[in-house]
Amino acid sequence: MLKIRIYLQDHLSSFRMILLSFMLMILAGAGLLCLPCASTGDAPVSFLDALFTSTSAACVTGLVVFDTATKWTIFGRTVILLLIQIGGLGVVTAGVAMLSLTGLQIGLLPRIAIQDALSAPQIGGILRFMRFLIVGTLCFEGTGALCMLPTFAAQYGLRKGLGYAVFHSVSAFCNAGFDLMGTRQPFSSLTSFSANTTVNVVIMLLIILGGLGFLTWNDLISCRFRFRKLRLQTKIILTATSLLILLPFLWFYLVEFKAFSGKERVLLSLFQSVTPRTAGFNTIDYGQMSEGSWLITILLMMIGGAPGSTAGGMKVTTMAVLFLSAGAFLRRKEHVNCFHRRIDPEVLHNAMTLLTVYLFLLLAGSVAMSTVEGLPILPSMFECASALGTVGLTTGITSGLSAASRILLISFMFFGRIGGMTLGYALASSVRTNSGRLPLEKVTVG
């Protein structure tokens with residue numbers, strides 16, 4: 001019992017380490033972005049605006065109050081890119097990787113912190129998995145940059161085109177959504193490339209690859225891509241991800257983008273079904289889309305990507321478990337089963353907790369923002385969902401929000417990146433191991 005208690009205490013300490021490391025990185029990034037050399041114009045940006053940008057980059061969100069290309073200098077954009085990269089990998093993971101390069105011995109607590117940060121199933125081999133993650137990230141990002149280089153080099157020249165290719169590749173794989181296209185039109189994202197097959201396909205693949213997570217990729221490689229031998233979590237992630245791309249694609253293609261035709265209609269529909277989970281790029285102005293498409297996008301933003309990935313949100317496994325549980329209940333099944341495996345009831349409890357917390361925050365934040373800003377509830381909900389899911393999509397209201405709404409979005413972005421369970425465990429004062437149980441009594445629901 002004592003060993004179990006010490007192990008749980010170590011996990012609580014690791015959650016606090018994750019929480020503190022993100023806070024310190026965000027504050028350090030805000031401090032750097034406040035420097036005169038980080039921004040254009042006569043005066044440096046305010047601390048609140050720098051904090052908003054730093055939080056958005058570190059939490060790989062993409063919501064911005066300034067256009068990234070026109071407001072920030074090369075130094076400022078480099079700071080933002082580093083925050084995106086470290087935030088995508090995880091601050092603890094990046095820090096331990098730097099320590100391992102020095103040859104120092106990595107203790108138990110940092111290993112547990114990496115395990116918790118990556119949602120790894122076991123602590124054994126965690127450093128080897130960390131190296132796999134970093135090498136894989138650099139390979140994916142490098143390949144993406146090389147694929148987009150000809151397109152950007154043709155428009156901006158080789159040197160600038162290389163910088164654009166690297167920036168957008170890192171931003172896409174880390175599901176950040178920051179872009180440098182504001183030189184054409186402020187806050188335009190990738191709308192000028194809506195019919196460009198190369199940029200669309202590469203960005204979408206990077207978003208999906210980053211959103212699947214390296215736990216999934218490690219399992220796929222270990223099982224040589226044989227679906228039958230994969231872990232249950234990997235099967236759920238792949239199945240749910242495929243459905244969450246296909247179904248919104250059909251909606252956007254058949255309903256939203258009927259005015260377009262041919263290749264552009266397909267690319268627009270596919271891109272808008274991929275990017276809400278949770279990248280933040282867009283190839284069309286979301287402010288011009290229908291409210292039905294806004295609601296679908298809000299749902300996708302709240303779901304997010306896979307556990308242990310660069311994506312945020314409640315995670316696809318959470319929603320999959322909830323749907324499977326509802327199906328089992330309606331069919332009067334005693335257990336929740338999937339792919340000939342039984343799902344632990346504790347997983348369902350965690351999923352219900354996450355859903356409750358995220359829905360409460362979404363509704364409370366939307367009402368608060370709508371009241372403070374005098375905006376309709378749906379655009380406010382879109383903005384809050386984008387922050388909670390660390391997405392970065394917007395209907396165009398971010399730059400005009402008041403200080404109170406920006407602070408609300410900062411807290412939502414931080415919560416969305418850290419995760420509800422991690423934040424709850426980090427704030428827990430102690431490990432409670434009370435073995436006593438109160439009398440059981442039924443309560444009628446439904």
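The values are calculated or read from the model by the stated rules, or taken from the named source; none is laboratory data. None of the values given here were measured: they were computed from a predicted structure. Cβ atoms come from the backbone with ideal geometry, glycine included; neighbour counts cover every protein chain shown. Accessible surface areas use protein heavy atoms only, side chains included; no ligands, DNA or RNA. Shrake-Rupley method; radii C 1.70, N 1.55, O 1.52, S 1.80 Å.
Observations, loosely collected:
- Highest-first packing order for the peptide set 176-189, 40-53 is 176-189, 40-53, based on the mean count of other beta carbon atoms within 10 Å.
- In units of the compact-protein estimate 2.2 N^0.38 Å, the stretch 208-278 shows a Cα radius of gyration of 1.34.
- Here the Karplus relation 6.51 cos²θ - 1.76 cosθ + 1.60, evaluated at θ = phi - 60°, turns the backbone of the stretch 207-223 into coupling constants of 4, 5, 4, x, x, 6, x, 7, 4, 5, 5, 4, 5, 4, 5, 4, 8 Hz, with x for every Gly and Pro.
- For the peptides 225-232, 346-353, 382-389, residues were scored by their other Cβ atoms within 10 Å and the scores averaged per peptide; the highest-first order is 382-389, 346-353, 225-232.
- For the stretch 370-422 and the stretch 255-304, distance of Cα centres in Å: 19
- Cα extents of the stretch 350-417 along the three principal axes, largest first (Å): 36, 20, 18
- Hydrodynamic radius of the stretch 274-389 per Kirkwood, over alpha carbon pairs, in Å: 15.5
- Principal axis dimensions, largest first and in whole angstrom, of the stretch 12-87 by Cα: 45, 18, 18
- Note on the stretch 243-389: dipole from Cβ charges, positive end direction compared against ALA368, THR275, ALA306; the farthest Cα belongs to ALA306.
- Using the average count of surrounding beta-carbon atoms within 10 Å as a protection proxy, the listed peptides 134-142, 309-317, 203-211 rank, highest first, as 309-317, 203-211, 134-142.
- With one equal scatterer per alpha carbon and no solvent term, the Debye-computed log10 I(q)/I(0) for the stretch 137-243 at 0.17 1/Å reads -0.80.
- Centroid-to-centroid separation of the stretch 329-365 and the stretch 140-170 [C-alpha atoms, Å]: 42
- A 1.4 Å probe run over the stretch 254-378, with the rest of the protein chains in place, finds 49 Å² accessible per residue.
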